[in-house]
């Protein structure tokens, strides 16, 4: 039986058109690693596209990466619709078409004889892609709208699932899930090195190192291993642009963002032996800011590094008309959608938000005890 790497290499060699996708959450390791694979396969001359949801905040932070502009925000023209005409009894002289009242009409003139209604048939063609690489997904739902709008495509196309998370549901036909790896960038480095090491260009190395740096918070997390440090050393030797990565990810924050950080930290509180961190922002704290799940990702990352015991982080944001927006972030395989499920959350398992028709203090007084109780149950 072929091992997993050889199965992946064989699928690559059989495929005619490849799609790479990454999750809708703020997983920059997955995004950067997906771009590395995209550039690598393009260098091999393969037909490949990359797709993933993108917002303004994430785009501004990661746009320095090579190949970034080629990321498709949605999947278009996945499948052709074919209309067939039997011409065994009559040959075609001319074909025209017209659009009337939202109806497409094909006008086909025969050279001789007549066409009958039963000569016309229709069918759906094959999907555009015959192989999918998923990078950093615990399940297909983590793709968000990309999956919701194309469920049939994902179920009928071969998937190679690459990830390092223990919560991964192994949904692919080939599941390359390495729980000992720290990042997707690390997994892909060794995989690509074992396949075609000569195609590990500076751009590929830069994307892979970006994934590693993003996942380890610039090597500040406590889960570093000799293997990931060796991968980093080899990527630097290949020309990975570390200074550019660090400057773009950690040294480009504007003054308004820093002020917002200060207000969050000033109001920060902890529950359950620091397992639950939360803070409140008054409406006046962010009059000029559009507070959402993504543009607070940097401060969330800093809290993760500073308080490694944290399992969930919640920010309460006061809005007009006595409403409160609540942004939740989960860690250590905690599903934030489960913690917020009775409030119809919007988002994914790692980052979600809800809006309540109540004031800031009332909202926090109601939500925090519930979250505290749920986390206590999960710890048993």
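Details
- Residue ID - farthest from residue 267 (Cα to Cα), chosen from residues in the stretch 330-361 that are within 19 Å of the chain's Cα centre (by Cα), modelled with pLDDT of 85 or more and outside any loop (DSSP other than H, G, I, E, B): 337
- Of all the residues in the stretch 172-186, those that are touching a strand residue (DSSP E or B) at 6+ places or on another chain (Cβ under 6 Å) and not in a strand (DSSP E or B) number 3.
- Any hit, the stretch 142-153, residues being closer than 25 Å to residue 249 by Cβ, crowded, with 19+ Cβ neighbours inside 10 Å and either modelled with pLDDT of 95 or more or out of contact with any strand residue (DSSP E or B) (no Cβ under 7 Å at 6 or more places or on another chain) (or both): yes
- Qualifying residue in the stretch 49-68 (condition: under 25 Å from residue 194 (Cβ atoms), surrounded by fewer than 19 Cβ atoms within 10 Å (Cβ to Cβ), modelled with pLDDT of 95 or more and in contact with a strand residue (DSSP E or B) (Cβ under 6 Å, 6 or more places away or on another chain)): yes
- Flag for residue 303 being crowded, with 17+ Cβ neighbours inside 10 Å, at pLDDT 80 or above, not in a strand (DSSP E or B) and not assigned by TED's automatic domain parsing to the domain that holds residue 222: no
- Any chance residue 138 is assigned by TED's automatic domain parsing to the domain that holds residue 18, assigned to a strand (DSSP E or B), closer than 18 Å to residue 31 by Cβ and in contact with a strand residue (DSSP E or B) (Cβ under 8 Å, 6 or more places away or on another chain): no
- Among the residues of the stretch 189-204, those identified as surrounded by fewer than 24 Cβ atoms within 10 Å (Cβ to Cβ) and part of a helix (DSSP H, G or I) are 190, 191, 192, 193, 194, 195, 197, 198, 199, 202, 203.
- Looking only at residues of the stretch 146-161 that are assigned to a strand (DSSP E or B) and in contact (Cβ under 8 Å) with a residue 40 or more places away in the chain, we find that the one that is farthest from residue 223 (Cα to Cα) is 158.
- Annotation: of all residues in the stretch 123-140 being modelled with pLDDT under 95 and in contact with a helix residue (DSSP H, G or I) (Cβ under 6 Å, 6 or more places away or on another chain), the one that is nearest to residue 37 (Cα to Cα) is 136.
The values are calculated or read from the model by the stated rules, or taken from the named source; none is laboratory data. Fair warning: this is a prediction, and the values are worked out from it, not measured in the lab. Every residue, glycine as well, gets a Cβ built from its backbone with ideal geometry; the counts of neighbours run over all protein chains shown.
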